[in-house]
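Please read through the structure below; I'll follow up with questions.
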Amino acid sequence: MNIGLFTDTYFPQVSGVATSIKTLKEALEGQGHEVYIFTSTDPKVPKNKFESHIYRFSSLPYLGFKDRRLAFRGLIQAVEIAKSVQLDIVHTQTEFSLGLMGKFVARQLKIPAVHTYHTMYEDYTHYFAKGMLIGPHGVGRIMKGYMASMAGVIAPSNLVQDTLRRYGVTAPMRVIPTGVCLPEHGTKQTNLREKYHFSELQPIVLSLGRLAFEKNISVTISVFSEVLQTIPEARLVIAGDGPARKSLEEQVEELALEDKIIFTGMVNHDDIFDYYKMANVFVSSSDTETQGLTFIEAMAADRPFVAIHSPYLDNLVDNEAIGTLVSDYDELLAGITKYLKRPNTEEDIAYRHKKMKDVDANTFATRVLAFYDDILASYHASDVENEYPNDEEVGYMKRILRNPFRRN
């Protein structure tokens, strides 16, 4: 099968979405399929650099989401490329420029388009004039407009599926959790404990991901300050970068914990598993997660996690070997302390390995392919009444061209 993945964010940009797309691409290729990435240009990628099966379109940074880029040309070029590689299906991974491009390509080639909804935008409206441009309720109308005429939609969790149904999205939908590409056996590892001058037995807590305000990392820092009262030799490593970093560093300074809490900055994707391996426990105090990719990565690295209850995690966590879910500050403190004192047993490792069989990259790709097959089996090119957007889609595109989060 020839598959086109359309995304505004891709490597070398570092994000959960980029990781998910790269994982899917490589797993689909591993099963013998041809996968083509249609994405935006990136300042870190030389203009004339050849990248096999990757096509980049001229773009600019997007206001409000600086790690997102908007392509501003390339529609006809994308159609010609799609025809030349004989795409069978379009799979959009964004609701913005490349997503619209993917829908246009699918219409022109009379092939189905499916979409994965990665981001719960209700949790991000504060980035746009502190929520004054749009409230959470307005997001539903915008997303419903984008997903009009989609042949199918993939939701990474039941929470996302329920949200899209609440928005009024009527397309065939399937819940497919994002998979994780496990490090190959024998892959060389970096001893990060040595790099950061930790002893082999020193208790280490890890927070890893984008440093955004909605991730509530400030709560993790506050809780860790209390962990130190009973485990003074413990250290907290905050791996990643983002808009909240300055505020978090100021919080650490106010607590006089500069020698106890380490900010690593942006982490190379190839080094992520080394960070999990360095730690005793991975911690997230975010209540906005929809895919749980970092939790699966922790599990794949044989490390437990402590996180906030969510429908997705409530379904995933069924044993302390996987993690502990909490509802408040005191439970978060107790959960972290427990794992810093609790040994990582052979039974724990065996349980995680068994659990990983359900969320590895190959299983992920197999489930997505099954959805593609079902969509293709029921799709009829003759059902496409015309090659142009309907009224609902036109309304969506007008808002995108102005500002997707602008009130009417």
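Just so it is clear, none of the values below were taken in a lab; they were calculated from the coordinates. Because the structure is a prediction, the values reported are computed rather than measured. No Cβ is skipped: glycine too gets one built from the backbone with ideal geometry, and neighbour counts run over all protein chains shown.
Can you say what percent of the DSSP beta bridges in the chain, counting only those with both residues inside, are antiparallel? Round to 5.
The antiparallel proportion sits near 10 percent.
Report the FRET efficiency, 1/(1 + (r/R0)^6), for Ser58 and Gln202, where r is their Cβ-Cβ distance and R0 is 51 Å, rounded to 0.05.
With R0 = 51 Å, the Cβ-Cβ based efficiency is 0.55.
Moving on. Can you tell me what percent of all Cα-Cα pairs in the stretch 192-356 are more than 19 Å apart?
52
Can you tell me the order of 273-283, 233-243, 28-38 when each peptide is scored by its average per-residue count of other Cβ atoms within 10 angstrom, highest first?
273-283, 233-243, 28-38
From the cross-link list Lys25/Lys103; Lys103/Lys357; Lys83/Lys144, which pairs have alpha carbons spaced over 22 Å apart?
From the list (Lys25/Lys103; Lys103/Lys357; Lys83/Lys144), the Cα-Cα distance tops 22 Å for Lys103/Lys357; Lys83/Lys144.
Can you tell me which aspartates and glutamates have their Cα less than 12 Å from the Cα of Lys195? Leave out same-chain residues fewer than eight positions away.
Lys195 reaches Asp274.
Ranked highest first by the average count of other Cβ atoms within 10 Å around their residues, in what order do 224-230, 69-75, 372-378 fall?
Final packing ranking: 69-75, 224-230, 372-378.
If packing is taken as the average count of other Cβ atoms within 10 Å, what order do 334-347, 101-114 fall into, highest mean first?
Top to bottom by mean Cβ count within 10 Å: 101-114, 334-347.
Hey, another quick one. Starting from the Kirkwood radius over alpha-carbon pairs of the stretch 323-385, derive D by Stokes-Einstein at 4 °C in a medium of 1.567 mPa s and give it in µm² s⁻¹.
Rounded to a whole number, D works out at 81 µm²/s.
Whole number please: convex hull volume per residue, Cα atoms of the chain, in Å³.
Once divided by residue count, the hull of the chain is 145 Å³.
Please list the helices of the chain that count as membrane-span-like by this rule: a mean Kyte-Doolittle hydropathy of at least -1.0 together with Cα atoms stretching 24 Å or more along the helix axis, each helix being a complete DSSP H run.
Span-like helices, by this rule, are 361-378.
Next up: Hey, which lysines would be in cross-link range of Lys215, C-alpha to C-alpha under 19 Å, not counting anything within fewer than 8 residues on its own chain?
Lys66, Lys130, Lys246
Once you compute Rg and the Kirkwood Rh from C-alpha atoms, what is the Rg to Rh ratio for the stretch 144-288?
1.08
Just want to confirm a number: the relative contact order over the chain, from Cα pairs under 8 angstrom separated by 6+ residues, in percent.
Relative contact order here is 16 percent.
Enumerate the aspartates and glutamates that Lys277 could reach by cross-link, defined here as Cα to Cα under 15 Å, with residues fewer than 8 away along the same chain left out.
Glu184, Glu194, Glu200, Glu297, Asp302, Asp348
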